[in-house]
Amino acid sequence: MLFIRLWMFFAGVLATLFLGWAALIGVPGVQLASVPAQPGLRPYTYEEMHGREIYMREGCVYCHTQQTRPQGFGTDQKRMWGRPSVPGDYVYDRPHLLGTSRTGPDLLNIGARQPSRDWHLAHLYNPRAVVPESIMPRFPWLFEEKTGTGPQDVPLAPGSHIVATREALDLYAYLLALNRTYPVRRAEP
């Protein structure tokens, strides 16, 4: 009798977990798997994928979202952050980096809003040098200090300069790839 009750309890717990998984992950996953990519969206290059990994490693997703909201759901449209995002914008994103908080600006269209390589590199090295009110942390480990003459990304003292590492350049490539300005194909009923 006790064995049957324990078995029923265990089966009930498993059924509850399975139904929760199916409702929150399984069914939406099947629905989203059939969403086609938006025209104009392309898979990430090797450099952009590596930059995306750095974006995740450095925790950018904790302060920046990648989901522009439609009119009536916040001030994204007033801030000129781009058109509202649609499911087809995320076809090549695994895992999806929609974000958890919006401490910094939304980055879904940062590649269109700010395409300047110099601006992004200076912003990564010292955010307050380009946006004085920024609370973003610095990422100096993505750069190297060099002495002598040569191409420089961020000037320091005479005879020395800061040069972006491969990681900084790949992170810039990923940010530049966040450009969802192509026209949206609406889902057919």
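The values are calculated or read from the model by the stated rules, or taken from the named source; none is laboratory data. Because the structure is predicted, anything quoted here is derived from the model rather than measured. In this analysis, Cβ positions are derived from the backbone assuming ideal geometry, glycine residues included, and neighbour counts consider all displayed protein chains.
See the values below:
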read-out: Residue, modelled with the highest pLDDT, within segment 106-148, restricted to residues that are of a type in the set (Asp, Glu) and more than 21 Å from His50 (Cα to Cα); value: Glu133
read-out: Qualifying position, being small (Gly, Ala, Ser), touching an Asp or Glu at 6+ places or on another chain (Cβ under 6 Å) and under 30 Å from Leu169 (Cβ atoms), among Gly51, Gly40; value: Gly51
read-out: From Pro43, Pro70, Pro84, Pro39, residue being closer than 15 Å to Tyr182 by Cβ and more than 16 Å from the chain's Cα centre (by Cα); value: Pro39
read-out: Failed criterion for Val61 (all others in (1) surrounded by 17 or more Cβ atoms within 10 Å (Cβ to Cβ); (2) in a loop (DSSP other than H, G, I, E, B); (3) in contact with a Gly (Cβ under 7 Å, 6 or more places away or on another chain) hold); value: (2)
read-out: Single residue of His120, His96 found to be assigned to a helix (DSSP H, G or I) and of a type outside the set (Gly, Ala, Ser); value: His120
read-out: Qualifying residue in segment 3-11 (condition: in contact (Cβ under 8 Å) with a residue 40 or more places away in the chain and either more than 15 Å from Ala173 (Cα to Cα) or of a type in the set (Lys, Arg) (or both)); value: no
read-out: Segment 41-58, residues that are of a type in the set (D, E, K, R) and outside any helix (DSSP H, G or I); value: Arg42, Glu58
